[in-house]
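Trainee: Sending over a structure as structure tokens; questions will come in a sec.
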Amino acid sequence: MSGFLEGLRCSECIDWGEKRNTIASIAAGVLFFTGWWIIIDAAVIYPTMEEFNHSYHACGVIATIAFLMINAVSNGQVRGDSYSEGCLGQTGARIWLFIGFMLAFGSLIASMWILFGGYVAKEKPIVYPGIAVFFQNAFIFFGGLVFKFGRTEDLWQ
């Protein structure tokens, strides 16, 4: 997925090589913003605990922490190219990235459980808060993936 912008052939429109990091960062930011906007909308529309349990916001907070953890480690640190010092070196970077991905997948799975277990299976008349929790976590998850794998580190050197 790290080369998805290289496959586009619109060289007369935009030089993708120089703009790749900018485009990936903007796309990831829009996805992240959209996720939080959806859950804020659900919290404003359904302010009572009977309609929308406010403890469901924990999934989005965990997804945000996972977003930051995944993108705090560069690909060079995971490969061992640019980071060999510190407490654990390359192994520590890999463990940090693995924990970040575990938190991201865990929050996405938990949001599915909230949607289906808390709203669909109980046959509540209002399902939008469950859908909002799921889409919030999905947008944050995909934003994290775009930000991690959509950028290139070659332009940094």
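The values are calculated or read from the model by the stated rules, or taken from the named source; none is laboratory data. Fair warning: this is a prediction, and the values are worked out from it, not measured in the lab. Cβ sites come from the backbone with ideal geometry, for glycine too, and all protein chains shown count toward neighbours.
Trainee: Any chance region 81-94 includes a residue that's under 30 Å from Thr48 (Cβ atoms), surrounded by 15 or more Cβ atoms within 10 Å (Cβ to Cβ), of a type in the set (A, V, I, L, M) and free of Cβ contacts under 8 Å to residues at least 40 places away in the same chain? Before the answer, list the steps.
Mentor: Step one: list which residues in region 81-94 are under 30 Å from Thr48 (Cβ atoms), which gives none.
Checking region 81-94: not a single residue is under 30 Å from Thr48 (Cβ atoms), surrounded by 15 or more Cβ atoms within 10 Å (Cβ to Cβ), of a type in the set (A, V, I, L, M) and free of Cβ contacts under 8 Å to residues at least 40 places away in the same chain.
Trainee: Let me ask you something else. Which of the residues that make up region 95-117 are more than 30 Å from Asp81 (Cβ to Cβ) and either among the basic types (Lys, Arg) or surrounded by fewer than 18 Cβ atoms within 10 Å (Cβ to Cβ) (or both)?
Mentor: Answer for region 95-117, where residues must be more than 30 Å from Asp81 (Cβ to Cβ) and either among the basic types (Lys, Arg) or surrounded by fewer than 18 Cβ atoms within 10 Å (Cβ to Cβ) (or both): Ile109, Met112, Trp113, Phe116, Gly117.
Trainee: Follow-up. Can you report the number of residues in region 116-157 which are touching a Cys at 6+ places or on another chain (Cβ under 7 Å) and modelled with pLDDT under 90?
Mentor: Residues flagged as touching a Cys at 6+ places or on another chain (Cβ under 7 Å) and modelled with pLDDT under 90 within region 116-157 amount to 0.
Trainee: Ok, one more. Looking at Lys148, Lys122, which one is basic (Lys, Arg) and in contact (Cβ under 8 Å) with a residue 60 or more places away in the chain? Spell out how you get there, then give the answer.
Mentor: Working: Lys122 fails: in contact (Cβ under 8 Å) with a residue 60 or more places away in the chain.
The match here is Lys148.
Trainee: Let me ask something else. Within region 33-57, which residues are more than 13 Å from Phe135 (Cα to Cα) and free of Cβ contacts under 8 Å to residues at least 12 places away in the same chain? I'd like the intermediate steps shown before the answer.
Mentor: Within region 33-57, the subset more than 13 Å from Phe135 (Cα to Cα) is 43-55.
Listed by number, the residues that qualify are Val44, Pro47, Thr48, Met49, Glu50, His54, Ser55.
Trainee: On to the next question. Show me the helices (runs of 4 or more DSSP H) found entirely inside region 1-115 where at least 2 residues are out of contact with any Cys (no Cβ under 7 Å at 6 or more places or on another chain) and modelled with pLDDT of 95 or more.
Mentor: Working: elements: 16-45, 57-71, 75-79, 90-115.
In region 1-115, the matching helices (runs of 4 or more DSSP H) lie at 16-45, 57-71, 90-115.
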